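In what follows, a structure is listed as structure tokens, so that the remarks can point back to it.
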Amino acid sequence: MGPLGMLLALTFGSAVCLTAGLAMSLAVLLLAAPNHQDFRPLVWAVVWGLCLTTSAGLALRGELRQLPQRRTLQLLLSVVMLAMAWHYWPDV
């Protein structure tokens, strides 16, 4: 595995951990207080995490299998990451 494959694997692993943590937090919030004010932003964070995890997984799979469309999949990952940064930028 080359350097790009390692970087994509790191991105994919981080996205999986982030999404799992957000999903578990959402599950606890749903069980504890389903009408809590932080419910909607957390749902959207889980959706963004799923998009990031999916695009990172596809980009990693394309790189490892040397698929012809791997550059397109890597571009998709970049677009998702930029969209997430754009979405959350005012909140930082």
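A few notes on this one:
- Each Lys and Arg Cβ is given +1 and each Asp and Glu Cβ -1; about its Cα centre, the chain then shows a dipole of about 340 debye.
- Helix axis angle, 39-64 relative to the chain longest principal axis, alpha carbon, degrees: 10 degrees
- Relative to the longest principal axis of the Cα atoms of the chain, the long axis of helix 3-32 lies at roughly 20 degrees.
Read-outs: derived from the displayed coordinates by stated rules, not from any lab. A quick note: this is a predicted structure, and the numbers were derived from the prediction, not measured. Note that we place each Cβ from the backbone using ideal geometry, even for glycine, and neighbour counts take in every protein chain shown.
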